[in-house]
1. Has the range A:215-226 got at least one residue that is crowded, with 18+ Cβ neighbours inside 10 Å, touching an Asp or Glu at 6+ places or on another chain (Cβ under 7 Å) and in a helix (DSSP H, G or I)?
2. With respect to B:Ile94, is the statement that it is at pLDDT below 90 and either surrounded by fewer than 22 Cβ atoms within 10 Å (Cβ to Cβ) or of a type in the set (Lys, Arg) (or both) true?
3. List the number of the failed condition for C:Glu235; all other conditions in (1) within 8 Å of chain B (Cβ to nearest Cβ); (2) in a helix (DSSP H, G or I); (3) without any contact (Cβ under 8 Å) to a residue 24 or more places away in the chain; (4) farther than 17 Å from C:Gly146 by Cβ hold.
4. Considering each of C:Thr73, C:Thr79, C:Thr64 in turn, give the residue that is hydroxyl-bearing (Ser, Thr, Tyr) and modelled with pLDDT under 90.
5. Which residues, counting only those in the range C:1-22, are modelled with pLDDT of 90 or more and either out of contact with any helix residue (DSSP H, G or I) (no Cβ under 7 Å at 6 or more places or on another chain) or more than 11 Å from chain A (Cβ to nearest Cβ) (or both)?
6. Kindly check whether there is at least one residue in the range A:95-102 that is closer than 19 Å to C:Leu98 by Cα, of a type outside the set (D, E, K, R), buried (at least 20 other Cβ atoms within 10 Å of the Cβ) and free of Cβ contacts under 8 Å to residues at least 12 places away in the same chain.
7. Which residues, taken from the range A:180-198, are within 14 Å of chain C (Cβ to nearest Cβ) and either in a strand (DSSP E or B) or out of contact with any strand residue (DSSP E or B) (no Cβ under 8 Å at 6 or more places or on another chain) (or both)?
8. Check every one of the strands (runs of 3 or more DSSP E) wholly within the range A:1-55 and list those with 3 or more residues that are within 12 Å of chain B (Cβ to nearest Cβ) and over 23 Å from A:Leu190 (Cα atoms).
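The values are calculated or read from the model by the stated rules, or taken from the named source; none is laboratory data. Keep in mind the model is a prediction, meaning the values are calculated, not measured. Backbone-built Cβ (ideal geometry, glycine too); neighbour counts: all protein chains shown.
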Amino acid sequence: MIDVRRLVKTFGWKPVLRGLDFHVEPGEFVALLGPNGAGKTTFLRILASLSRPSMGDVTVGGYRLPGQAAAVRRILGVVSHQPLLYGDLTAEENLRFFGRLYGVPRLELRLGEVLEMIGLSVRRRDLVRQYSRGMQQRLAIGRAVLHEPEIMLFDEPHTGLDQEASQMLDGVLRQVAARGRTVVMTSHDLLRSAELATRVDILSRGVIAASYPGTSLEPAALPALYREAIRG
Amino acid sequence: MEPMPRTLRALNAVTAGLFVIALYLVLFYAPREAVMGEVQRVFYFHVAAGWVGALAFVVAAVSGIVYLAGGHRLWDRVGLSSVEIGIVFTLINIVSGSIWARPIWNTWWTWDPRLVTATVMELIYIAYVMLRQGIEDPERRARFGAVYAIVGFLSVPLTFLSIRIWRTIHPVVIGSGDPTAQGAFDMTPKMLTAFMFSLLTFTVIYVTLLWHRLRLEALAERVEQRKMELSAGGS
Amino acid sequence: MVERTAALPLRRGGFGRAVAAVVWKDLAAEFRSRELIGAMLVFALLVVLIFNFALELDIRTRSTVTAGVLWVTFAFAGTLGLNRSMASEKDRGCLDGLLLAPVDRSAIYFGKVVANLAFMLIVEAIVLPVYSLLYNAPLFVPGLLGVIFLGSLGYVGVGTLLASMAVQARTRDVLLPILLFPVILPVLLAAVKASEGFLQGLPTADILPWVNLLLVYDVVFLTVAWMVYDYVVEE
């Protein structure tokens, strides 16, 4: 579903990604860990077609980036750590706006479905400005699944959430993943990642330093493995 | 740095030579103008500088288009170098125009369409540089520069036109009522020679300076490129 | 057996729909907060007030100066509006949300232009009667309204493009006027002169060149901005 070979990305002359190889099969849930500045967000932005690779091959859902970016966007849902929502509009209006932008068929029906799934039906007519951070994140996910994308990218979605909100978010994440979607999620939370993901990759100094398939993963052992990978 | 190519070395010499000859033509060969006197000699280099300013803008705009189309960094370098040269020569144009105007119309500034347009052009050039300075990412800097060069370039003829229309409807009290007359005079053959030669000399100066500036910029970029390759390969 | 999710068959031909969605979104959000229009309006009224003291607008000079005062006011208030309009997308990362959608980038441009134009026209619609009342100057000449529309359109067309660039620079607040004003001169001059013409009841033949200039400017720059907008928002 996602195929990345020898990806290089430089900002100015500063290399952030240095010949990264990455491969995801359909239906996998990959957690991407790594220290700050390792390039996780940069990598995700390239997969999301928001940023161009400096060198290398990137293929998402069978479409090459950056050339076929428009096709990629159709099948992609992205949740950034910024909510990408308009504070002065209601939750409903936000979803309706993005729905129109994407050309989602039978929009009103779909709106209702999504609001139900993320547990915000009751608060649909409230301004997003008044939402807590946890609610905003859930709405952001709602926005991302509106057009039923096959691939979802999450950039540190648990940032700034308290325990309860995080658990709610996990519930939504599991629902989202359950429908056979391919998910790539960057995170700082080792344990949570191990629980949610089918595979854990560790990004360090611009390349994938280590990769652990879900079945072989003992959550308690992860911190030690992580430290070793980034020391590498 | 690669040693200066033979052609450039030759060009340096040619430019210097041309300039000396041009000075001679302007200062000694060309006759004294009947009405305006010696100050009229400013005219030759004034117009030549203005010509280079305009040429630089055309080159910058065209490079902008080519850069956006292909993404080859060379064209960004050409655009930047051209704008820098344009700033200098347009300034020369404005100042020499001012020097010329003073003894003739007893004013440092006339609202002549060409003078005003040159000033606006200078402001656009400076805005271009300020825009670039505010952007960190080199690729974005190049793209924005290209876009602004194109937009700026397209606005200049319209600015000139609008001031021209303005002057025909509202002739300024100081200076002649005819908006196209900026010290109009008939050129004798000798004057024409000096004039054409000045144009030629300044064009050659432009090309030489552009070439030097491009080499400098290319060198700077090559250094950065090496750094990037080393980091990417060595991890 | 996991039930595979299939992406929804998204409706095609979304350009017009996307533009409409962006316009609606901007208007709805502004209607709720009224921050942008509020700021523009207060600023514009203050400028008019300042002009009153600065220019001693007595009855006689007023009629010749009105058009200029109005357009300077609109130009300055306009930069406020443009800055805020683009900053609201950039600051909360909302621009990414727009860029993720499978629509042509220029849909964002046109949506923003229409929304920004609406804001500007609303502010002008309030400032005009206020000015008219304060100075007992009759301003509801149909030709004038047309000029205000065309002038604002040109202003917003170029302004939206340049604001999209300026907002990504470090020096964002000061940069927009520096980039915009040199390029917008033809619009300003033509709009002032055409407005003056209509206010003073000049013959149409005198006003026509200015209106033509406005039309040409609008067409040229809206087209160019549409073509290059991609390069300004993509990373």
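1. No, the conditions are met nowhere in the range A:215-226.
2. no
3. For C:Glu235, the exception is condition (2).
4. One residue alone meets the criteria, C:Thr64.
5. Listed by number, the list holds a single entry, C:Ala20.
6. Within the range A:95-102, one or more residues are closer than 19 Å to C:Leu98 by Cα, of a type outside the set (D, E, K, R), buried (at least 20 other Cβ atoms within 10 Å of the Cβ) and free of Cβ contacts under 8 Å to residues at least 12 places away in the same chain.
7. The answer is A:Gly180, A:Thr182, A:Val183.
8. Answer list for the range A:1-55: A:2-11, A:14-24.
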